[in-house]
Every structure is written in structure tokens, then in C-alpha cells.
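> I have a structure I would like to understand better, so I am pasting it below and will then ask my questions one at a time.
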Amino acid sequence: MAELLKGKPVADRLKEQAIALIQQGAANFRAPKLAIIRVGERPDDLFYEGGVKKNCALWGIDLEIKAYPLTVTQETLLAAVAAVNQDETIDGVLIFAPLPKTIDEKAIFAALAPEKDIDGLTTASLGGVFTGAKDAFAPCTPVAVMETLDYYGIPLQGKKVVVLGRSLVVGKPAAMLLLEKHATVTICHSRTEHLAEVCRGADILVAAVGKARMVTEEFTHPQQVIIDVGINADPDQPGKICGDVDFAAIEPICAKITPVPAGVGSITTAVLLSHVVTAWQKKISSHSR
């Protein structure tokens with residue numbers, strides 16, 4: 001049986017580190033603050049927002065939620081982004097996506113100040129990730145992958161890593177972060193020829209393709225570490241979720257694996273809030289000069 005790489009201890013470590021920083025800095029400055037911009041009331045947005053709200057209270061982070069109806073105009077949203085950009089008390093901003101089709105999503109993201117873009121939405125942030133800029137915020141899920149590997153002491157230097165998925169929010173930035181740690185990275189996708197064979201050749205497989213149980217036993221080997229990023233509606237159990245990996249088939253074969261749920265997804269909120277604290281610390285540094 002594989003070793004389970006659970007998300008809770010990883011998230012707890014991020015929480016402890018951040019709370020220590022907040023307690024140290026808030027006494028002479030102010031508490032860090034997050035702003036959420038949400039359009040509509042999608043159940044997944046509300047669920048994530050609820051988790052963020054709960055954790056902000058536990059960590060000592062102030063939260064402001066700006067909620068708008070689905071009929072909101074482009075001008076109103078741009079004004080909302082301009083307002084959070086100018087508000088010196090707001091350190092980080094989370095914009096829930098996708099936005100309605102009546103909104104130019106790229107224009108909204110582009111209007112956000114990069115220093116407040118804690119979820120890697122802007123081209124400037126993603127460009128920083130691809131160029132190795134230390135002050136750029138990568139999307140939270142790829143960072144959660146890296147935090148998992150670090151917490152469990154899984155070496156990356158010189159290792160063969162396959163990233164299955166090429167999205168701008170997970171696959172591509174994850175590959176860049178892995179390259180920064182001197183891994184040898186291959187990006188695959190659903191149209192890669194001999195996909196199972198390529199994945200089976202990896203020391204570490206990061207599954208982020210967004211297809212329920214696509215990764216089967218022919219993708220793995222007994223020494224492999226599997227990081228399952230997928231969060232999909234379970235086709236066999238309505239109301240439940242599953243990963244991109246067929247966990248029941250693969251867990252008896254591979255060496256280490258993240259479960260779904262309770263794996264990478266449970267770390268994402270902690271990464272988001274740790275990014276808020278990092279942005280807040282930068283303000284403290286600039287004010288003390």
C-alpha cells in the first residue's frame with residue numbers, strides 16, 4: 001500500500017508559520033487584509049469563500065467581500081478592482097473565476113495590481129513565475145503541490161517529473177516551479193502519444209488534467225510518487241468528488257500518493273492566505289524604510 005500524502009499537516013504548517021508572522025507584525029502595523037470579488041452565487045465559489053472566511057478568522061486576517069449580481073457591468077467591476085488597488089489597507093485580492101460571459105475576464109484580471117494578485121491571475125504574475133521572479137505570486141494550486149513535496153521530503157533535483165495537464169492555472173506554472181527546483185520536467189496532456197508509457201517513466205507524476213480517474217494502473221510503477229490535483233464530480237457517486245487518478249486501482253501499486261479529497265485541495269486556502277501575509281510583510285518593509 002502507498003504512503004498517503006495528506007494535506008492537513010501541510011496546511012497546518014503554513015498556518016503556524018503565518019500566525020507567528022502576523023502576531024509579530026500586527027502589533028506595530030495592522031492586521032493583514034484580503035478582499036474577495038465575487039460575481040453571482042456559484043455553489044463552488046460560496047463553498048470556497050466560506051472556507052476562506054473561516055480561516056481568515058483563525059489566522060487573524062481581515063476580510064472584505066465585494067459581491068455583485070450576475071447582471072453586473074464591466075464598468076462596475078473595473079471600478080471595484082480600481083478601488084481595491086488604491087486601498088492601502090488591502091494586501092491581497094481574490095477574484096472568483098470564471099466571470100459571466102458578458103464580462104471581459106482578461107480585462108478585469110489585467111486591471112488588478114500585480115502586487116495584490118495573490119492567486120496568479122494577471123499576465124504580470126504569470127510572467128514572473130515563468131521568468132523566476134521571486135516577488136511574483138504563482139497560482140495557489142501549483143504552490144500547494146510544491147508545499148506537499150517539500151513537507152514530505154520528496155527530492156526533486158535531477159528527478160524525472162511528468163506534469164499531466166497544461167493549463168495556465170496549474171500545469172504550466174507547476175512545471176516552472178518544478179524546474180526551479182532542478183527537476184527534469186515533461187508536460188503531457190490528453191493528446192500526448194503513448195501517454196501512459198510517458199507517465200510511467202516518471203519518478204513523480206503530477207496529475208492535473210481535469211478528467212475523473214483518467215490515470216490508471218498502466219500509468220504508474222512501484223517507486224512512483226503521485227500528486228493528484230484533480231477535483232472532479234465522481235461519476236459513480238453523485239454528490240462526491242474524485243481525482244484525476246483512479247485511486248483504488250493505483251494506491252496498491254505506487255509508493256506515495258495524495259488522496260482526493262483531503263490532499264492538495266485542502267492546502268490551497270492555506271497557500272492563498274500565506275500569500276496575503278507575504279504581500280502584507282512587503283508593505284511593512286516599505287513603511288519601515
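The values are calculated or read from the model by the stated rules, or taken from the named source; none is laboratory data. Since this is a predicted model, take the numbers as computed values, not measurements. Because the Cβ atoms are built from the backbone with ideal geometry, glycine has one as well, and the counts that use them run over all protein chains shown. Note: areas computed on protein heavy atoms with side chains; ligands, DNA, RNA excluded. Shrake-Rupley method; radii C 1.70, N 1.55, O 1.52, S 1.80 Å.
> Hey, could you grab the Kirkwood Rh for the stretch 50-150? Inverse mean 1/r over distinct alpha carbon pairs, Å, one decimal.
Details: mean 1/r = 0.0671 Å⁻¹.
With all distinct Cα pairs of the stretch 50-150 included, I get 14.9 Å.
> Please list log₁₀ I(q)/I(0) at q = 0.15, 0.16 Å⁻¹ for the stretch 1-120, using the Debye equation with identical point scatterers on the alpha-carbon positions.
The computed values of log10 I(q)/I(0) come out as -0.76, -0.85.
> Okay, next question. In degrees between 0 and 90, to the nearest 10, how far off the longest principal axis of the chain does helix 140-151 point, with axes built from Cα atoms?
60
> Stokes-Einstein at 37 °C, 0.692 mPa s, Kirkwood radius from Cα pairs: D for the stretch 170-289 in µm² s⁻¹?
On the way: Rh = 16.0 Å.
Estimated diffusion coefficient is 206 µm²/s.
> To continue, here is another question. Per q in 0.07, 0.10, 0.13 Å⁻¹, report the Debye log10 I(q)/I(0) for the chain, using one uniform scatterer on each alpha carbon and no solvent.
At q = 0.07, 0.10, 0.13 Å⁻¹ the computed log10 ratios are -0.27, -0.55, -0.92.
> Also, I was wondering about something else. Based on DSSP, what percent of beta bridges with both residues in the chain are antiparallel, to the nearest 5? Please report the intermediate quantities before stating the final value.
Details: 2 of 32 bridges.
Beta bridges within the chain, antiparallel portion: roughly 5 percent.
> Sort largest first and round to whole Å: the equivalent ellipsoid semi-axes of the stretch 218-259, each the square root of five times a Cα gyration tensor eigenvalue. Can you show the working numbers first?
Working: eigenvalues 88, 19, 10 Å².
Over the Cα atoms of the stretch 218-259, the ellipsoid semi-axes are 21, 10, 7 Å.
> To the nearest 10 square angstrom, how much accessible area does Tyr48 have with a 1.4 angstrom probe?
Approximately 60 Å² for this residue.
> Beta carbons within 10 angstrom, averaged per residue: use that to sort the peptides 38-47, 164-173, highest first. Each step should come with its number before you reach the end.
Details: 38-47: 13.9, 164-173: 21.4.
With the highest mean Cβ count within 10 Å placed first, the list reads 164-173, 38-47.
> Another question, if that's okay. Ignoring any ligand, DNA or RNA, what whole percent of the accessible area of the chain comes from carbon and sulfur when the probe is 1.4 angstrom? Can you show the working numbers first?
Details: 7600 of 13920 Å².
Roughly 55 percent, rounded to a whole number.
> Sort 112-124, 260-272 by the packing proxy (mean of other Cβ within 10 Å over each peptide's residues), most packed first. Mind dumping the intermediate values first?
On the way: 112-124: 21.1, 260-272: 22.8.
Order by mean packing, descending: 260-272, 112-124.
> In terms of Cα to Cα distance under 24 Å, which lysines are near enough to Lys159, apart from those fewer than 8 places away along the same chain?
Qualifying lysines at Cα under 24 Å: Lys6, Lys134, Lys172, Lys181, Lys256.
> Just going by the charge dipole of the chain, with Lys and Arg at +1 and Asp and Glu at -1 on Cβ, which of Thr131, Asn55, His287 is farthest out on the positive end?
His287
> For the chain, find the longest principal axis of its Cα atoms and tell me its angle to the long axis of helix 43-59, 0 to 90°, nearest 10.
That helix lies at roughly 70 degrees to the long axis.
> Still on this model: Using only alpha carbon pairs under 8 Å that are at least six residues apart, calculate the relative contact order of the stretch 175-289 and give it in whole percent. Can you show the working numbers first?
Values: 165 pairs, mean separation 23.0, N = 115.
Relative CO of the stretch 175-289 lands at 20 percent.
> Using a Förster radius of 30 Å, what is the FRET efficiency between Lys106 and Lys134 based on their Cβ-Cβ separation? Nearest 0.05, please.
On the way: r = 26 Å, r/R0 = 0.86.
For Lys106 and Lys134, the calculated efficiency is 0.70.
> Taking 30 Å as R0, compute the FRET efficiency from the Cβ-Cβ separation of Leu58 and Asp150 and round it to 0.05. Present the calculation step by step, with values, prior to reporting the outcome.
Working: r = 23 Å, r/R0 = 0.75.
After rounding, the FRET efficiency stands at 0.85.
> Which whole-number value in Å² is the accessible area per residue of the chain, probe 1.4 Å?
On the way: 13920 Å² over 289 residues.
Roughly 48 Å² per residue, with all protein chains present.
> Could I ask something else about it? Any chance you could tell me what percent of the C-alpha pair distances in the stretch 1-46 go past 14 Å?
Values: 738 of 1035 pairs.
Of all Cα-Cα pairs in the stretch 1-46, 71 percent lie more than 14 Å apart.
> A further question follows. Could you give the length gained on full extension between Gln23 and Ala113, defined as 0.36 nm per residue of separation minus the Cα-Cα distance, in nm? Before the final figure, lay out the partial values.
Details: separation 90, 0.36 × 90 = 32.40 nm, distance 2.64 nm.
Taking 0.36 nm per residue and subtracting the Cα distance, the gain is 29.8 nm.
> Right, next: Quick one: if you stick a label point 7 Å off each Cα along the C-beta vector at Thr76 and Asp236, how many nm between them?
Spacing of the two 7 Å Cα→Cβ label points: 4.5 nm.
> Run the reach check for Lys53 against lysines, Cα to Cα strictly under 16 Å, same-chain hits fewer than 8 apart removed. What comes back?
Once the sequence-local lysines are set aside, what remains near Lys53 is Lys15, Lys33, Lys66.
> Turning to a different aspect of this structure: Against the longest principal axis of the chain, how steep is helix 8-25, in degrees 0 to 90 to the nearest 10, with axes from Cα atoms?
Its long axis makes an angle of about 20 degrees.
> So what's the back-of-envelope 222 nm ellipticity for the chain, counting only DSSP H runs of four-plus at -39500 (n - 2.57) apiece and dividing by all residues, rounded to 500?
Numbers: 10 runs with 119 residues, N = 289.
Taking each H run of at least 4 residues, the total per residue is -13000 deg cm²/dmol.
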